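Let me begin by presenting the structure, written as structure tokens, before commenting on it.
The values are calculated or read from the model by the stated rules, or taken from the named source; none is laboratory data. Note that the coordinates shown come from a computational prediction; the quantities given were computed from them, not determined experimentally. Here the Cβ is made from the backbone with ideal geometry for all residues, glycine too, and neighbour counts use every protein chain on show. For the accessible areas, the whole protein counts, side chains as well, though only heavy atoms, and no ligand, DNA or RNA atoms are used. Shrake-Rupley method; radii C 1.70, N 1.55, O 1.52, S 1.80 Å.
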Amino acid sequence: PMIGFFGRSMARETGESGETKSTKVKKHKRRKSKKESKTRIVHANILYDLTKGGDNPNRHYANNKIKTTKYTLLSFLPKNLFEQFHRFANVYFVFIALLNFVPVVNAFQPELALAPVVFILSVTAIKDLWEDYRRHRSDKEINHMDCLVYSRNEKQYVEKYWKELRVGDFIRLRCNEILPADVLLLSSSDPDRLCHIETATLDGETNLKQRQVVRSFIDLDCEFDPFKYNSVIECEKPNNDLNRFRGYIIHRSGRRDGLYKDNLLLRGCTIRNTEEAVGIVIYAGHETKAMLNNNGPRYKRSKLERQMNVDVFWCVVILLVMCLFSAIGHGLWMFQYGDKRPVFDVLSPEGTDLSPVVSAIYLFLTMIIVFQVLIPISLFVSIEIVKICQVYFIHQDMELYDEETDSHLQCRALNITEDLGQMQYIFSDKTGTLTENKMVFRRCTVAGVEYSAVNQYKIEAPNLTVAPGAEPKPNGPAFCPNTLPSLFMYHSEKDITPDPQLMDKVNECSSQMEFMRFHSQPLNQIPPDLCDIFDFFIALTICNTVVVSSPNQPRQKVGRPTTRNYLLSSPSAESTLTKLNEEKRPEHDLQHAFSPTRPNFEKTKALAQDECELRYEAESPDEAALVYAARAYKCALVGRLPDQVTVELPHLGKLSFELLHTLGFDSTRKRMSVVVKHPLTEQITVYSKGADSVIMDLIRPGTDDCKGKRQRKILYKTQNYLNLYAADGLRTLCIAKKVLSKEEYASWLQHHLEAETAIQRREELLFESALRLETNLQLLGATGIEDRLQDGVPETIASLRKAGLQIWVLTGDKQETAINIAYACKLLDPEEEIITLNADSQEACAVLLENSLHYIQAKFLCNPRPDPQAARDYAGIHFSSPVCSPASSGHSSPFLVHRLGLVIDGRTLAYALDKSLEDDFLAVARSCRSVLCCRSTPLQKSMVVKLVRNKLKVMTLAIGDGANDVSMIQVADVGVGISGQEGMQAVMASDFALPRFRYLQKLLLVHGHWCYSRLANMILYFFYKNAMFVALIFWYQFYCGFSGSAMVDQWYLIFFNLMFSAFPQLITGTLDKDVSAETLQELPQLYMNGQNSEEYKPYMFWMNMIDAFYQSLICFFIPYFAYVDSDVDLFTWGTPITTLALFTILLHLGIETKTWTLMNWMSIGFSIALFFTVALCYNASCPTCFSPSNTYWIMQKLLGDPIFYLLCVVTPIAALLPRYI
Amino acid sequence: MMASSYNAKDEDGHHPGSVGSGGPGAVKSKKPDNTAFKQQRLPAWQPILTAGTVLPAFFMIGLIFIPIGIGLLVTSNNIKEFEVRAVAIATSYCVIRALCSYTAPRTKDFSNVFMYYGLSNFYQNHRRYVKSRDDSQLNGDKSSLLNPSKECEPYRTSDKKSIAPCGAIANSLFNDTLELFYIHPNGSRIAIHLVKTGIAWWTDKHVKFRNPGENNNNLSIVFQDTSKPVNWRKPVYELDPSDPDNNGFINEDFIVWMRTAALPTFRKLYRIIQKKKDNMTPTLPPGNYSLEVIYNYPVRSFDGRKRMILSTISWMGGKNPFLGIAYITVGSVCFFLGVVLLIIHHKYGNRNNNADIPN
């Protein structure tokens, strides 16, 4: 009862907050209370003159102007800076730059020291500014779109900009127009008072959704006149729940009508199939549900980044140690001179003498400034740049592009690409992820008799390559709607060859019915078998929410064979209630229900010829499959209206079922029902369709002997067949019906209407109402639907498993189906043993877990070599084999993966996930090669992922396609959505969206590996580079009295990281490939590299540090000895060191780079050229500007010095010599 | 040198079906472009370090470096350098005599001989010391002359007059005078002519350092509102009264001092002994010389040492055998490693060949 629970808690919350608010409000003026009360009251604007303003009660509500920009011109600088300073690194660097302004400790020219921070800040600011400008542009565009608004003065609809729209305005919407705000539908040109909308922009679902005109306005015959409208709408405060809207409309007469989600048109949706609609704006601008749902992208921190932060911390420690060392050194150096002040020990600017201790403290701060490069300021920026490039390349990969749906991989989270290379556990949904989720009706059993429908396999093959809609038909391509990609067009489902035996029975049945209807005989004379078959197909056809459309006008609804009068008389539930009391009505209905005799016979005839052209758009593929199956048996759905379903039958022609209620599918009930009035028997019939486990429990065989016996027999047989179907890997659904007497219906309806009109707890009440109705059902039959595996799933799973990934499948399907699919996709191996956990209670579960744990330990742990071959050898041996000694099992790791499969069902899983058992469960599960959780709820899926992630400390990936996978996707380290058949919710929640499961292989094995190894290497290189450079200055401290002096000119020091050495590593970080894509895919074992974090182990940081220190020693001391005791000056000596360091660093990168492309050569060339160009220009530009360092003409002088060249050759080679070995 | 493999893929024919979906008037699809860059298939060179590539590299480095090193060592050894350690004596004014025998000249000694003074333990690279100067004042800027930069503190003003040149570097100018005499075998002392110009960088003398007051040759007027550095005995415009082109800020001894040394033990060019015009007699004929030092500069406070160095220079500068040794060392290490690896490779190489993963 998940939904019920949520509904309740939500209701409680709103209720409470409302109460507290209203008590507060009472103290205030009335006007204010209106604004703050828990509901929103909307009046029509035309009742008030806007020009006068003041008294319009809607004026407090947000208008329709949207502003998604973060900044204004004025607020940009302070706000952006404030946001950037949330990053700790930025604060640190600003602190250091500011430290430079303190005269006693400054190391550089203060203005110059600001340069890197200002550079980084401004790059980020410019990026933000540009993004904000883009938002501003699009806002402006959206705000200036046109819509028709009723004007009070001109008494007609006039064009206005979207931004001028206000709550309470009447707007007229035309076909294909985008809704400017959340609008309550008051009138529609559609005779059924419907309005179809496409919600693709909100949830990505491309099927049409029906919206209804508010009940009290349905009966309006003439065009809606805004001036006649004088009702008041009271509804919820703006919220972000797309699937909820509650409120009521109060007419002048005092009558209240409920308002539901079906009456509300949401901003951003597109009007389809409806020429014109009129509505009143309820929520506008930022208060619309679409805008409230607009959350920014999520931020996840990758494992590598977490690891990196540890090392950044170590860098800080190293920095402090170095500073402390220097400070102490300086203090001692000062101390040795005692009172004799040497001339070079300059007094402080005030002329006071500094004691060694004070000096040392000042120096400590100075050293922090000098060594600041050790903390890589540009690392964070560089990582972001590299990740963006990586995302770009993943995006561009042709092999991740799906021709069929014209979609490619989407990276929705930009900052966790490298996590893809470190995955250890994959949690996969089954339906739609491993399988196509293109359902094909295969078999059915009706009244205990089994019929199988073989569908034509040959059709499927071409369909895989042909674009949607381009199915080979004589006139198909002419009107194939290529521009409207529809996910719910199924082709293979249609091609069903009906079982001849069943076909005959259907024919027989309908001809008998025809006969009986013609002769006005009661229908119950038909044999129960045939009756069941008839009901079975009727249920298949009408117990769904499928919308019928014709292919040449894909968004045009078809099948409106009934007259308008009829339609207008029936829809509202209240009128149904009244109708029930009148005895005349059913006859009236019946008259109309027999469509063949109706005047528009010609038209329906024509439609019937086109019948095969009809398309069904369903919310779930199962439904579509069933409807297509029914059509194959000549029981075709030809039209669906909110209150009526039309079915065409072989002999009976078109039958119209009055649709009294639809109790939609939900994951808790696992079934849906429709309540219809049967046109032939005039009985009120409930048809239910749902998961077999649920339906079977609701079946009550009749009490009377003969019928009851038959029912029990059917029940028994059907259960057998169901088991068979499941064993074949088919998805099973049970179909049941129930006939209600008028009294029963009336009493149920009473409660149901109460539930429907309730504002609080409405969902919960409706749920209870549905439970009341779906009891004592009569079983009609069951269906078996095949869900084919996606292409390449077994191969992908095999190669992912070879890559060391544990794959768990979490599915809502029943156990047998799930096991079967698992075998089909090679998740389970026939040679494997399977541990099945099915427990009825907590205790039983505990015992089971205990037993299996013992079993595993006894069987495998004694084995010193836990390789699969050996494990298989032991599989047959009794577990007390002599090899197994307690000693050996004691020290071998208890968690090794064996050739074992674990299957656990939802109920047991609930017990196993309990705190007391979760450790046992994990112990069992992790020693199995594959784990299969069946019948699991979305919440359980996410709990399993969370458990594994938190307890085993592993990297988890969740992949799924449906709304039920959303929670799992959000919990996992990396969530992958399959943009498949079940809408876009999973994709919306995911970090990466794939068109197909098999692309996961390349995404993980190739891109994941690359991203990880590139980034890991780049980060390590960054640490190395900075440490190497800083250490140079550190060695120099021994020769300058630890005074914080640097032989590297401050300009080089500050721009070394930022400019001179920045580009090559970015190129390498983006383009380097340690192993080619082909090799990575052929040898999935290489993926373990990333799983074990082998590119970036903690000790590697220290190895790099040691390497950096060695290299800096070489780079420092070779020039030192080359120039020792000579007349060289500070910077003439320091510049070659800088150059050498640059060469060494670039060469080091060269050794690290595995693949050299033109880009690498160019970037390295560019770096060197840039350094020399900058150095030459800087050294020639101004002899006095760059005080206190004066490097005038030094580079020019050096270029004429042969020693400089000699140093440039020998030093990098000496420095890198250990790397070659 | 290294095994390289070009793994550029042929661009065409790899993707059947990609053409089919197009066709006349096809809708623009989101299909990524099949370019080498976007598909990360840029032609690339994959250097693979194997014994076959590394060994020749080692030998090459060894074979190139060792001769270079030997050449450098020989060059360095050809440079004649002669050093006199001056012992600091408590009196502030004294003359140190040093006798030395200058060995037989060779051809190279016909060139100029450079005379350096050396100081040790003098931290001219101290951070606060290095900063303590005002370049624009030294560049002849009038306003800086009278209002020097704050960096000069506490050597910025004295007696409410700005100091010119300001700062600690200028204040600590080396002010010993060194003179060299040739002691003729007959006992007479012949003063050797020491050239005091041409010892600073040309750019320093002509660009960086300039006297204020443009063409005003009377420096005492230009500097009249300034005061001399505290430690100086005479104002800046009296550094070399004899030569107006070597006086004031453009005095070369001053310029050389202002170029702060990199390391605490350093030498600075003091004078040049020019070669004889006839090119026949050596610049410094063999014999005994005496060095006279007018001892002004205190070095005891920092345990400093003063030296006088006479040296010729070669194309690679002063005498320094280190670079030659470095080249020879690196070269021989490489060569040695090459040999060791070759032996290892020869012994065990065959075994590895099979295990190599083909790329």
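Cα-Cα over 19 Å: which of B:LYS196/B:LYS319; B:LYS208/B:LYS319; A:LYS70/A:LYS140?
Cα-Cα > 19 Å for B:LYS196/B:LYS319; B:LYS208/B:LYS319; rest within.
What order, most packed first, do the peptides A:398-409, A:100-111 have when packing is the mean number of other Cβ atoms within 10 Å of each residue?
Ranked by mean Cβ neighbours within 10 Å, highest first: A:398-409, A:100-111.
For the cross-link pairs A:LYS438/A:LYS670; A:LYS717/A:LYS941; B:LYS131/B:LYS275; A:LYS670/A:LYS859, which exceed 30 Å when the distance is taken from alpha carbon to alpha carbon?
A:LYS717/A:LYS941; B:LYS131/B:LYS275; A:LYS670/A:LYS859
If you count only protein heavy atoms and use a 1.4 Å probe, how large is the accessible surface of A:PHE1117, to the nearest 10 Å²?
For A:PHE1117, the solvent-accessible surface is approximately 50 Å².
Could the peptides A:1136-1142, B:67-73 be put in order, highest first, of the mean number of other beta-carbon atoms found within 10 Å of their residues?
Per-residue mean Cβ counts within 10 Å order the peptides as A:1136-1142, B:67-73.
What Kirkwood radius, in Å to one decimal, follows from the Cα pairs of segment A:1082-1221?
Values: mean 1/r = 0.0572 Å⁻¹.
Across segment A:1082-1221, the inverse of the average 1/r is 17.5 Å.
What's log10 of I(q)/I(0) for segment A:329-450 at q = 0.10, 0.13 Å⁻¹, Debye sum over Cα points only, no solvent?
-0.67, -0.80
To the nearest 10 square angstrom, what accessible area does B:GLU179 show with a 1.4 Å probe?
70
On average, how many beta carbons from a partner chain sit within 10 Å of the beta carbon of a residue in A:391-399?
4
Over the Cα atoms of segment A:352-421, each weighted equally, I'd like the Debye log10 I(q)/I(0) at q = 0.13, 0.15, 0.23 Å⁻¹, rounded to two decimals.
Relative scattering, expressed as log10 I(q)/I(0), comes to -0.59, -0.67, -1.00.
Please state the shape class of segment A:729-783: rounded when a/c is under 1.5, otherwise prolate if a/b exceeds b/c and oblate if not, all from the C-alpha gyration tensor.
oblate
So how much accessible area does A:THR1173 have, in Å² to the nearest 10, using a 1.4 Å probe?
Roughly 70 Å² of A:THR1173 is accessible to a 1.4 Å probe.
Can you flag which of A:LYS387/A:LYS915; A:LYS430/A:LYS677; A:LYS300/A:LYS1073; A:LYS689/A:LYS915; A:LYS127/A:LYS1025 are past 32 Å Cα-Cα?
Check vs 32 Å cut-off fails for A:LYS387/A:LYS915; A:LYS430/A:LYS677; A:LYS689/A:LYS915.
Taking A:LYS38 as the anchor, which lysines have their alpha carbon closer than 24 Å to its alpha carbon, excluding any fewer than eight residues away along the same chain?
Candidates past the 8-residue exclusion: A:LYS21, A:LYS24, A:LYS26, A:LYS27, A:LYS29, A:LYS65, A:LYS237, A:LYS261, A:LYS289.
What average count of beta carbons from other chains do you get within 10 Å of the Cβ of residues in B:253-262?
Mean partner-chain Cβ count within 10 Å for B:253-262: 4.
Using only atoms on other chains, find how many Cβ atoms lie within 10 Å of each Cβ of peptide B:119-126 and report the average.
Average per residue, whole number: 6.
For A:ASP339 and B:ASN186, FRET efficiency with R0 = 51 Å and r from the beta-carbon atoms, rounded to 0.05? Each step should come with its number before you reach the end.
On the way: r = 51 Å, r/R0 = 1.00.
E between B:ASN186 and A:ASP339, to the nearest 0.05, is 0.50.
Compare the peptides A:354-367, A:1034-1047, A:1003-1016, B:30-43 by average per-residue count of other Cβ atoms within 10 angstrom and give them in order, highest first.
So the order, starting with the most tightly packed, is A:1003-1016, A:1034-1047, A:354-367, B:30-43.
How far is it, in nm, from the label point at A:GLN842 to the one at B:ASP303 when both lie 7 Å from their Cα along the line to the Cβ?
Simple spin-label model gives 7.9 nm for this pair.
Over both sides of the A-B contact, add up the buried accessible area with a 1.4 Å probe and give it to the nearest 100 Å².
7400
Assuming 0.36 nm per residue, please report the length gained on full extension of the stretch A:ASP146 to A:LYS742 beyond their Cα-Cα distance.
Between A:ASP146 and A:LYS742, full extension yields an extra 209.4 nm.
What distance in nm lies between label points placed 7 Å from Cα along the C-beta direction at A:ALA1169 and A:ASN851?
Spacing of the two 7 Å Cα→Cβ label points: 7.6 nm.
When only C-alpha pairs under 8 Å and at least 6 residues apart count, what is the relative contact order of segment A:655-695, in percent? Intermediate values should be presented prior to the final figure.
Working: 69 pairs, mean separation 14.2, N = 41.
Here the relative contact order equals 35 percent.
Tell me the trypsin sites (Lys or Arg not before Pro) within segment A:78-134 that lie in a loop according to DSSP and have at most 16 other beta-carbon atoms within 10 Å.
Working: sites: A:LYS79, A:ARG87, A:LYS127, A:ARG134; in loops: A:ARG87.
Here the sparse-neighbourhood loop sites are A:ARG87.
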